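Report on the following structure.
Quick note: the coordinates plus some simple rules give every number you see, no bench work behind them. Fair warning: this is a prediction, and the values are worked out from it, not measured in the lab. Cβ atoms come from the backbone with ideal geometry, glycine included; neighbour counts cover every protein chain shown.
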Amino acid sequence: MIIFSNSKINIGLNIISKRPDNFHNIESIFYPIELCDIIEILPSKTFKLTNYGHLIEGNIEENLCFKAFKLLKKHYSIPNVHIIIYKNTPLGSGLGGGSSNASFVLKGLNEIFQLNIKLEKLSQLAAELGSDCSFFIYNRPSLASEKGNLLKHINFSLSEYFIVIVKDNLHISTAWAYSQIKPKQPDIKITDIIQNIHI
């Protein structure tokens, strides 16, 4: 199976408060974009993970696709697979590439092995992998709150606009970026701002 795992952009980001679990409560709009990684899932006697394109650093145990496979295997009887990822999405860019890969692996395994897991359940599983992983299960424009895992689908489209993504060689860790922020209640809600966007 070949899967096209798309990225997202955040339209606005309010970091509202620090949570007891050291995450942050946020408000943002997650919007899917066409920039995709390519994932192939093949039968294999042992689990394998191969990476082309942008290099995914770290041990295999830290990779979200590996974690997605292990999570699904924990709940369902599935055999080993070989996951091949061609990374077009730059790492450390805030485009959600890793989260997308993990969520699309969940959806792909669900389809390959005919597990018949409903989207709601897949979304719950994805949330165990990362705060924004659930978004890629439904993959629709959404107002994100709490850790980014509470999603409300909204009627919002940028289809009449060109989206240009500029990425230099700077890699920004999400954890580091959040650690530099002083959370505060926003002066205006993001949903009020987008009402002024002509679509």
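Details
- 5 angstrom amide H check on LEU35, placed H, neighbours 5+ away: SER7
- For the chain, a Gaussian network of Cα nodes joined below 10 Å ranks ILE56, ILE172, ILE16 by mean-square fluctuation, and the top entry is ILE172.
- For ASN51, distant residues with modelled amide H under 5 Å away: ILE85
- Given +1 at the Cβ of Lys and Arg, -1 at the Cβ of Asp and Glu and no other charges, the dipole of segment 94-160 around its Cα centre is 120 debye to the nearest 20.
- Taking the charge dipole of the chain about its Cα centre, with +1 at Lys and Arg Cβ atoms and -1 at Asp and Glu Cβ atoms, the residue from ILE154, LEU125, GLY92 reaching farthest to the positive side is LEU125.
- Estimated vicinal HN-Hα couplings, Hz - segment 69-78 in sequence order (Karplus 6.51, -1.76, 1.60; Gly, Pro = x): 4, 4, 5, 5, 5, 5, 9, 9, 7, 10
- Pairs beyond 21 Å (Cα-Cα), from LYS74/LYS147; LYS87/LYS152; LYS48/LYS121; LYS152/LYS189; LYS18/LYS70: LYS74/LYS147; LYS87/LYS152; LYS48/LYS121; LYS18/LYS70
- Candidates GLY97, GLY53, GLY130: whichever shows maximal mean-square fluctuation once the chain is modelled as a Gaussian network with Cα springs under 10 Å: GLY53
- ³J(HN,Hα) computed for each position of segment 162-177 - Karplus, 6.51 cos²θ - 1.76 cosθ + 1.60, integer Hz, glycine/proline x: 8, 9, 10, 10, 10, 10, 8, 7, 6, 9, 10, 6, 4, 4, 5, 4
- Under a model in which nothing but the beta-carbon of Lys, Arg (+1) and Asp, Glu (-1) is charged, the chain shows a dipole of about 500 debye around its Cα centre.
- Across segment 87-98, computed HN-Hα scalar couplings (Karplus, 6.51 cos²θ - 1.76 cosθ + 1.60, θ = phi - 60°) run 8, 8, 7, x, 7, x, 10, x, 8, x, x, x Hz from first to last residue, x flagging Gly and Pro.
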